[in-house]
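Chemist: Have a look at this one.
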Amino acid sequence: MTEHRQSSSRFQPTRRRVLHWSGVGAVAVLVNGFFTSPALASSATTATTARARHGLSADSGWEFDPALGLFVQPAVSTGTAISWDFDTDGDTEGWQAANGVAPLEVADGVLRVTVTGFDPYFFAPPVELAGQRDRLLRIRARGTGADRLGLYFATVESPTLAEDKNIRIDLPMDGEFHELTLDLGALNQHWRDGTVTTIRLDVEPAASEGAVLEIDWLRVEQLGPRLAASIPGVSRGSVRPGESLDLSTTVSNVGGDAAAAFPVHLTLPDGVELTEGDLETSLPSLAPGDEAALRWTARVTTATPGTATIELRAPDAPFQFGALIPAVPDADLADHWSAHGVKVFRDEAGHVHLQNPTVRLVLLEGPSGYSQGRIDIRAHKRWRSLATSQPLTWVLARGTTGPELLPVVPDHATLRRGDPASVLLTGRVRDSAGTTWSVRLTYQLGGDDAFVRTSYEVTPDRDSDLLAFRAASLTAGERSFGGEQDMALFPGLEWLVAGERSSSTLDADPPHNLRPTPHPLKVTVPLMAVVKDGALVSLQWDTNQTWDGVRRHPTPRFASPNWIDGQDNHALTLFVPDVPDFVDENAGWATATPYRAAAGRTLRVEAEIVAEATGDVLRAVEHWYAVHGLPAPAEKPFSWEEELALVRHAYVTSYWVPEVKGWPHVYGWEPKPFVPLAAVLQIAGLLAADPDERAAAFGRVREFVDNVLEVNGPDALGDLDGAHITMFHAPFYLGHLEAALPRWREQMAELRATQWEDGSWRFDPGDDPARQRLGEPGAEGSGLTATPAQRLLRYARLTGDPDALDAGMRAVAYLEKFAVPRAAQTWEVPVHTPDVLASAYGVGAFTEAYRLTGRTTYLRRAEYWARTGLPFLYAWSDPERPMLPYGSIPVFGATAFVLPWFGRVVQWNGLVYAYFLLELVDAGGRQVRFPWRQVAEGIVVSAMHQQRTAEPAKGGYPDVWELRENVPIKNVDINPEGLAKPAIMLLGHPVDVQTVLLRHGRDVARLSTAAAVSEAAWTGKRLMATLRFHDGATTQLMLVGVPTPRGVSVDGRSLPLVDSLDAEGVAEGWKRLDDGTVLAKLRHRSRSSLEILS
């Protein structure tokens, strides 16, 4: 995720195994977003062909499509729109090389493509394809030396080739031929909605020189009708006797041809009466893209849950699905409360209460047992309901005729008093195959806890196929605040504010936006949380718990508001088995393959339900840390000394380009004279224990500086470009500070010139169509303002520039309006998208404001922005992924809406955040309330695990680490500047210039030096300070604000007054500039005494 990405490709979820259902008796039942099937006429089968893996069924059964989140009919081809067979030697059939590839060759029945340069791609001849119909891509090909293919296309309606019209083709590059089939219209709406005129194939990644691709044949076929059934909705999360609810579903034609009309039949369970609609109805003929909504209203007369089924009698592929009617008892709870301790008791109606002064769990007893749980908090001298759970659990198992949904209503409760107190519920159900499933639900609460610990267990008495066992789950807001929220958080995936919906297209296009049931590696901190009106409710768990003694990762399911069920609440659900081996992403149960539950083996899922009177959604993250622990940094793969040796090697050898006398930002990219990188090498050289390594580092720096002075002049040593972490430190180490000052002044003036009157900086996409889609001109976001604000305030602290100070302080005042970090990477990411880099610069801006003013309100705001970065960091470990703890997700969204970053570590973002955390710790000292240094160290160690330790690019680290594949992106390795800076700080050495503000009356003196400063004082006539630095090293320093300086001495020796600190032969000296600024050049001891007289 570099600023200079040349091209990117689109992520396409791949299918592993698909559970197919066919036959008139197939029934899919939904509860809290889950499809289940208690009456399947034909047994499930597992598809293994490439067709099935890419969403195309080999038989007539419906299947779950993770990209749509729906059950769909199989895709059926009705003919070929266009094909290329490459059967004639020398005939490319109109395909042409375009960039980075050798001339195309056809021989032995294949089109051969050889990559010769950067960003390789080639074109098909012009086409005219009706995207709604002509959309089934079939290809047989093989390749080596790359990762995948990307298909770019243009349409009549959208004639430019861009990232929004890019489809990822996951061709295994193993040298073997593979046949793939993709529904291009399902994967990209521009294909589906347009007339396709241009097709381009890219070999990816962009740096794949030497890769070879051979295509045996490629064709685009026409798609026939294809029905999709939406998730059936039940309008209430809980329904009491006498209340009504709506049942609804939508059937759409996602195919390329018209679908015929067919009848629909509704069946209601006992105790549910139809009041609106007909049990027998029909669905009209549906043209491609059309949909039809079905809706019924029914009244419930019982407190016993039941199942409604809807049968779609579609020609050749009938299908049934349904929804659980969540009937619960009516209950009017008394206001039992005690100001001290934890209580557990039964009330007069038999309901069980587990409560302390601030939180209570009530287990409501109905005719058959305990059928609903309710979570309340104490607020304003009354209990306030936050969430419910109904039924408390269920089992989805394979019966004699197929899957069976078995709601469990525990009928026995054991109350245990003490602190903590607990409740144990037990019950059992029996499926039609004769398996008895015994369930134990435990709830525990301490006197001071803000959370209820839960343990959900199920044990079968015989070997059985399990499709789902639901653990602790909540319908937050049910019968209280409803589907509204002030903020909601699903770390790694969602950060919502009022009025927003999870799985929306604000940050990613379909299908990447759909993320209710994610792969576990996409969840950074295992929790789901909702805040409304000063109250927080959260469900959280340890993703590494072994729920069957071996397997990890219970599966979360999140919908806020509950769009999955169409209910006025928020769905926070946890179940097993896990994604992806059993459960497809976005599914609600094991749609890939059943889990074989062994007789007598208990499955156990533990979780915490948090309830607190707070409007701060980040408290959920802190509760997770309180229960599960702030993760320790991973064990370092090598020592700090070896890390610095890698940094030196990168700049002395790996990344150095002698012809340019500079370094590339990314290995293999265009090298430039990036001054900040020379400063990093100088510091790393100072820290070298080996004299030869130190000499090599200093020699390379000298070679670089001499060339910059010759080619660009001394002011170029003030260049700030080329660094992820911008600093003004280079001339303090490298010299020519006097020449750098005007350059900095000019750059800061340019920043101020683009500031708005309200103190902000706003989004300006210019004339770039791709950027124009990322946000409206003038769009706001914290990162757009925090980034320049931090730089201006740092410059103001260094120089005392009043204009920079005013601009920076107006900016931090403007930033007070924001709570969610966004918009720090708008060169490629939507303005709206939550962004860890915005967290980093929020920390940096407010830390600088605190350093300048000493006001603790700014320190607290810096800490707030530090807290906003935590949801982007992995809080758990994986034995196969040592880089996982504190690996950093860059954003909760996608580049250009089409390249998603979920489950993809971009550590340079985290390293910038780590650097500003260390600045916060340095500025705040003991006033800082959280162990941010540990967080920063964890981020740096994660980067070390990703770092290249062999050529090429030795010492660099990858732009992206693909967590699912557990590999770094190929050939995009960033130089180690962003890693070196926080690593050196962790070693206790300053990296940035150390600026000390000294006050005498109303006057402020600013002493800036590369050395660590202590014991600094200013009497008005004399300024004294102790400088700690590397013995024998020479640096420059700056003093601003001391009037009429008369002399500078170091360790008792007076420095000569000189015309230029950088003139040949000047080893030490000092100079006063026209504006009163004092510059000095000095040779350090390990501890030096500085004195300046005025």
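Chemist: Are any residues in segment 925-944 crowded, with 21+ Cβ neighbours inside 10 Å and of a type outside the set (V, I, T), and if so, which ones? Steps first, please.
Modeler: Taking segment 925-944 first, the residues crowded, with 21+ Cβ neighbours inside 10 Å are 932, 935-944.
Those that are crowded, with 21+ Cβ neighbours inside 10 Å and of a type outside the set (V, I, T): W932, A936, E937, G938, S942, A943, M944.
Chemist: Find the residue count for segment 971-999, including only residues that are in contact with a Ser or Thr (Cβ under 7 Å, 6 or more places away or on another chain) and without any contact (Cβ under 8 Å) to a residue 24 or more places away in the chain.
Modeler: Selection size over segment 971-999: 1.
Chemist: Go through segment 520-561 and report how many residues are in a loop (DSSP other than H, G, I, E, B) and within 16 Å of T454 (Cβ to Cβ).
Modeler: Of the residues in that region, 7 qualify.
Chemist: Which strands (runs of 3 or more DSSP E) sit wholly inside segment 312-428 and have at least 2 residues that are within 21 Å of E457 (Cα to Cα), modelled with pLDDT of 95 or more and of a type in the set (A, V, I, L, M)?
Modeler: 352-355, 359-365, 412-416
Chemist: Being touching a residue at least 24 places away in the same chain (Cβ under 8 Å) and either among the hydrophobic types (A, V, I, L, M, F, W, C) or surrounded by fewer than 18 Cβ atoms within 10 Å (Cβ to Cβ) (or both) narrows it down to one of A102, A97, so name that one.
Modeler: A97
Chemist: Can I ask one more? Please find, within segment 894-924, the residue that is nearest to D542 (Cα to Cα) out of those that are among the small types (G, A, S) and either at pLDDT below 95 or touching a strand residue (DSSP E or B) at 6+ places or on another chain (Cβ under 7 Å) (or both).
Modeler: G910
Chemist: State whether one or more residues within segment 189-211 are β-branched (V, I, T), within 34 Å of the chain's Cα centre (by Cα), crowded, with 16+ Cβ neighbours inside 10 Å and within 23 Å of P326 (Cβ to Cβ).
Modeler: no
Chemist: Tell me which residues, restricted to segment 1036-1076, are of a type in the set (S, T, Y) and touching a Leu at 6+ places or on another chain (Cβ under 7 Å). Before you say what the answer is, go through the steps one by one.
Modeler: At the first step, the residues of segment 1036-1076 found to be of a type in the set (S, T, Y) are 1044, 1049, 1054, 1060.
The answer is S1049, and nothing else.
For every residue, the table says whether it meets (1) closer than 24 Å to P225 by Cβ; (2) of a type outside the set (S, T, N, Q); (3) assigned by TED's automatic domain parsing to the domain that holds V234.
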site	(1), (2), (3)
L274	no, yes, yes
E280	yes, yes, yes
S285	yes, no, yes
G289	yes, yes, yes
T297	no, no, yes
V300	no, yes, yes
G306	no, yes, yes
E311	yes, yes, yes
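Chemist: List every residue pair whose Cβ atoms lie under 7 Å apart, where the two residues are 6 or more positions apart in sequence or sit on different chains, the first residue falls within segment 610-627 and is charged (D, E, K, R), and the second residue, located anywhere, is crowded, with 21+ Cβ neighbours inside 10 Å and in a loop (DSSP other than H, G, I, E, B).
Modeler: E612/A450
Chemist: Within segment 90-110, how many residues are over 20 Å from A207 (Cα atoms), out of contact with any Ser or Thr (no Cβ under 9 Å at 6 or more places or on another chain) and of a type in the set (A, V, I, L, M)?
Modeler: Here the count works out to 2.
Chemist: I would also like to ask the following. Given the criterion within 23 Å of the chain's Cα centre (by Cα) and either under 19 Å from A645 (Cα atoms) or without any contact (Cβ under 8 Å) to a residue 40 or more places away in the chain (or both), identify the matching residue among E937, E951.
Modeler: Working: E951 fails: within 23 Å of the chain's Cα centre (by Cα).
Only one candidate passes the filter, namely E937.
Chemist: Moving to a separate point now. Kindly state which helices (runs of 4 or more DSSP H) lie completely within segment 824-924 and contain at least 1 residues that are touching a His at 6+ places or on another chain (Cβ under 8 Å) and of a type in the set (A, V, I, L, M, F, W, C).
Modeler: Hits in segment 824-924: 907-924.
Chemist: So, of the residues in segment 1048-1093 that are acidic (D, E) and either crowded, with 17+ Cβ neighbours inside 10 Å or in contact (Cβ under 8 Å) with a residue 60 or more places away in the chain (or both), which turns out to be farthest from D801 (Cα to Cα)?
Modeler: The qualifying residue farthest from D801 (Cα to Cα) is E1068.
Chemist: Additional query: Could you tell me which of the residues R557, R552 is farther than 27 Å from I377 by Cβ, among the basic types (K, R) and modelled with pLDDT of 95 or more?
Modeler: On the way: R557 fails: farther than 27 Å from I377 by Cβ.
Sole residue among the options that is farther than 27 Å from I377 by Cβ, among the basic types (K, R) and modelled with pLDDT of 95 or more: R552.
Rundown of residues vs (1) over 27 Å from V680 (Cβ atoms); (2) of a type in the set (D, E); (3) free of Cβ contacts under 8 Å to residues at least 60 places away in the same chain; (4) in the same structural domain as P676 (by TED's automatic domain parsing), yes/no style:
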{"site": "V705", "(1), (2), (3), (4)": "no, no, yes, yes"}
{"site": "P714", "(1), (2), (3), (4)": "no, no, no, yes"}
{"site": "H724", "(1), (2), (3), (4)": "no, no, no, yes"}
{"site": "F732", "(1), (2), (3), (4)": "no, no, no, yes"}
{"site": "L741", "(1), (2), (3), (4)": "no, no, no, yes"}
{"site": "D764", "(1), (2), (3), (4)": "yes, yes, yes, yes"}
{"site": "G783", "(1), (2), (3), (4)": "no, no, yes, yes"}
{"site": "L793", "(1), (2), (3), (4)": "no, no, yes, yes"}
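Chemist: Another one. Within segment 455-477, can one find any residue that is under 25 Å from G341 (Cα atoms), surrounded by fewer than 24 Cβ atoms within 10 Å (Cβ to Cβ) and under 32 Å from the mean Cα position of the chain (by Cα)?
Modeler: Looking through segment 455-477, at least one residue is under 25 Å from G341 (Cα atoms), surrounded by fewer than 24 Cβ atoms within 10 Å (Cβ to Cβ) and under 32 Å from the mean Cα position of the chain (by Cα).
Chemist: All but one of (1) under 26 Å from W437 (Cβ atoms); (2) modelled with pLDDT of 95 or more; (3) of a type in the set (D, E) hold for D565; which doesn't?
Modeler: Of everything listed in (1) under 26 Å from W437 (Cβ atoms); (2) modelled with pLDDT of 95 or more; (3) of a type in the set (D, E), D565 misses just condition (2).
Chemist: So which residues in segment 266-306 are in contact (Cβ under 8 Å) with a residue 60 or more places away in the chain and in a loop (DSSP other than H, G, I, E, B), if there are any at all?
Modeler: If the condition is that a residue be in contact (Cβ under 8 Å) with a residue 60 or more places away in the chain and in a loop (DSSP other than H, G, I, E, B), then P288, G289, T301, T302, A303, T304, P305 are the ones that fit.
Chemist: R700 versus (1) of a type in the set (D, E, K, R); (2) surrounded by fewer than 18 Cβ atoms within 10 Å (Cβ to Cβ); (3) at pLDDT 95 or above: which is the lone unmet condition?
Modeler: (2)
Chemist: Further question: Please enumerate the residues belonging to segment 429-445 that are crowded, with 18+ Cβ neighbours inside 10 Å and not in a strand (DSSP E or B).
Modeler: D431, T435, listed by residue number.
Chemist: Anything in segment 567-578 that is surrounded by 24 or more Cβ atoms within 10 Å (Cβ to Cβ) and assigned to a loop (DSSP other than H, G, I, E, B)? List them, or say none.
Modeler: Passing the criteria: Q567, N569, P577.
Chemist: Out of G759, G844, report the one residue that is surrounded by 18 or more Cβ atoms within 10 Å (Cβ to Cβ) and at positive phi.
Modeler: On the way: G844 fails: at positive phi.
Testing whether each residue is surrounded by 18 or more Cβ atoms within 10 Å (Cβ to Cβ) and at positive phi leaves just G759.
The values are calculated or read from the model by the stated rules, or taken from the named source; none is laboratory data. No experiment lies behind these values; they were computed from the predicted model shown. Glycine gets a Cβ as well: all are built from the backbone with ideal geometry, and neighbour counts include every protein chain shown.
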